[in-house]
Each structure stands twice: as C-alpha cells, then as structure tokens.
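Heads up, the thing below is written out as structure tokens.
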Amino acid sequence: MRNWQFFLVSLAVALVAFFAARLLGNDYLFFAGYVVLQFIVLATAWNILGGYCGYVNFGSAAFFAIGAYTTVVMTKLPAFANRHLPEDIAALVGIPPIPVLILLAGVVAGLVGLGTGYLTLRLRGVFFAIATLALAVVLQTLIVNWDFVGGSRGAYVIRPATVPVLGINYIEYLFLVMLVLVVVALTTARAIERSRLGFGFATIRDDELAAEASGVPTLRLKLVATTLSGAFMGMAGAPFPYYIGFLEPSSAFGLAYAVNAIAMPMIGGTTSWVGPLLGAILLGTLQQLATVTISSAVSLLIVGLLLVFFVIIAPNGLIGLWQQVFGRKSSEADEPEAPKPAVKTS
C-alpha cells in the first residue's frame, strides 16, 4: 500500500472511530481517548529517534512541554498586545485556532530538537541520554522562572464550550484533532521506515562507525531524526493546555510523559511503526482503566511491571514476540519433509 493510500485509509478509520464514540454518548470516552491518542503520537515521535536510530531520548517531556507552552504564549499574546501596542495593531492580534497552534508548536519544538541534536549528537549511548535529561531540567527551570507564562504558579487556559463550525463540544473537537495528528504521525513514521531515510537510520542503529566508514552522512541523518521527533512531540503537547484547563510546570514536565514515551515503543516493538501504536494502545488503555477503577497513582506501577515483563520475556516487544511465535510456525510448515530411509529387503 502506498503512503497516500495508507493515509486515506487511516483517516477513514479515524473518522469511523470518532463517530462511533459520539454514538455511544459518553464524554469520558473522549477524555480518556484523548490521552491514549496523545501517547500514540508521543511514542511514535520517540521511536523515530530512539527506535529507528537507536538513540535513547530521556527528554520527551521537555519537547511535549515546549508544545504546551507555545500554546500558552499564543493565548496570552492578545492581552499583551492590548497593553503595549496601539489599538489598531492590537486588534489584529488574536488566538490562533488549534491546528495553527499545533503547527507553531511543531516548528518551535523541531527547531529546539535541531539545536539540541547539533549540540549533543556527537555523544553516544548513555552520554546522549544524560544530555537529553539535562535538557528537560534546564527547560523546566526556565519555565518556572518565566512570569509571562505563569512561572511556578501556572496558567489558566479557558477553552470554549463548543466549536461553532462543527457544532460539537470542545473535548470532542480536541479528540478529533488528536485523531488526525495520530494519522499524520503514523503515516510519517511508516514513510520513513520504507524510504532511503529509514535505511540510513537503520545503519546508524546497527553500527554507526561502519555506516560512517561507508560514507553514510550520519550526523545529517541524526539531525533529521531529532528535528522530526521533537516536532511531533511538540505537536502532541500543543492542545494539552486546552484539554487540562490549567497548566503548570509539574504537569507539563511530568514524569509520566518521559516514561511512557520510552516504555510504549519498547513494549510494542521499536523496529516498526506498528510497535509504538500497539504499545500506546495497550499501556494507555490499562492506565486509564486503572485511573477509573483503582487510582491514578497506579499508572506508573503498571508501566514498570509491564516493562520488566517484556524486557525479560519479549525484549523485542509485541512485534518481536509475534514474529518469534508465528514466524517459527510458518517456517516449520514450509520446511520439506525429510525423506524416509529406504527399506532394504532381502
């Protein structure tokens, strides 16, 4: 299936899922479904760098927060313009719609990813992972001390009750927007996996020194990976202030985003675009069920237990487990039957 066909089919499936959720008439499905879809985008974005290139990124929460605070900045611009600009100019400044905010957040987070990659991608292994973790700490410190976006106090973002054009409430609208973003992220990851860019990423993951010796532009490819990964993480965070209503540094830079962004691809499988999708659906659904039935504090415990289980039982994730079980059966079925020894008669 070509990429444009995959995009159209995925979009059709997403719209069917949206209207099916509306028919059920339960608003909680949209609240919980939004979180699961958000994690699908985050896991897919992490996998572009961590799975395809083999560079583990512990700074996922930082890029997610960049997207969220880009939205906060844009929502505060009209009030800032009314106080400091002439009336005729201030009247032109408004809050962009959610799709525009997602694009802006993607651009900002992508540029940060590009700069971060240029500074840190000469590091490898655990040193790169520590550098990305340090990035999250630095950015959180900057946000805590930035009064324009609320600083440590946080900031309110009031969402409208309905969307006039579509005639649906705003939570349903956010769910629909995130569905479309999931389709775009999965289509991009699938296209990368089947392209020369994906093959270049695979050479870096398998043996970066050998790839450099063979003439592969490893630094350029890694910069592309960090930019795309950071951009999609920022896009995932852009609608979050409207979803949560009140954004503070502890919620935007939450440990759950950094942990889930790594755990979900590892549980699903990091070598294919399907892995983050499966891992995010499985882990995100279990977390939402645990939040409703037990407590939200159990969510990270579920992540840890599943991660330990898959590291021991299926280190290549669900996809690797599937290939190991069913691939072995199919190969055994395809093997020709050994000839029987001839019976010697006297």
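Taken together, the values in this text are just the output of simple stated rules run on the coordinates, not laboratory data. Since the model is a prediction, treat every value here as computed from it, not as a measurement. FYI the Cβ positions are ideal-geometry reconstructions off the backbone, even for glycines, and counts take in every protein chain you see.
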* Asked: Which distance in Å, rounded to a whole number, links the C-alpha centroids of the stretch 63-93 and the stretch 200-245?
  -> 30
* Rough spin-label spacing in nm, given labels placed 7 Å along Cα→Cβ, for Arg220 and Leu85 -> 3.9
* To do: Quick one: P(r) of the stretch 3-253 from all Cα-Cα pairs, 5 Å bins, percents rounded to integers, in order of increasing distance.
  => 1, 6, 12, 16, 17, 15, 12, 9, 6, 3, 1, 0, 0
* Determine the sum of side-chain charges near Asn57: Lys and Arg each +1, Asp and Glu each -1, restricted to other residues whose C-beta is under 15 angstrom from that of Asn57. => +3
* Asked: How high is the relative contact order of the stretch 79-223, in percent, with contacts defined as C-alpha pairs under 8 Å that are six or more residues apart?
  -> 18
* **Relative contact order computed over the stretch 1-107 (Cα-Cα under 8 Å; 6+ residues apart), in percent** => 18
* Which order do Trp322, Trp273 fall in if you start with the one that has the fewest other Cβ atoms within 10 Å? -> Trp322, Trp273
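By how many nm would the segment from Ile312 to Thr141 grow when fully extended, if each residue of separation counts as 0.36 nm and the alpha-carbon distance is taken off?
57.9 nm
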* Give me the distance between the Cα centres of the stretch 257-298 and the stretch 118-141, rounded to whole Å. => 24
* What order, most packed first, do the peptides 20-27, 60-67 have when packing is the mean number of other Cβ atoms within 10 Å of each residue? -> 60-67, 20-27
* How big is the shadow of the Cα convex hull of the stretch 267-319, averaged over all directions, in nm²? -> 3.3
* Structure fact -> From fewest to most C-beta neighbours within 10 Å, the residues Trp4, Trp46 line up as Trp4, Trp46
* Relative contact order (%) - criterion: Cα under 8 Å, at least six apart; region: the chain -> 30
* To do: Quick one: divide the alpha-carbon radius of gyration of the stretch 142-248 by 2.2 N^0.38 Å and tell me what you get.
  => 1.52
* Asked: Ranked highest first by the average count of other Cβ atoms within 10 Å around their residues, in what order do 48-55, 91-98 fall?
  -> 48-55, 91-98
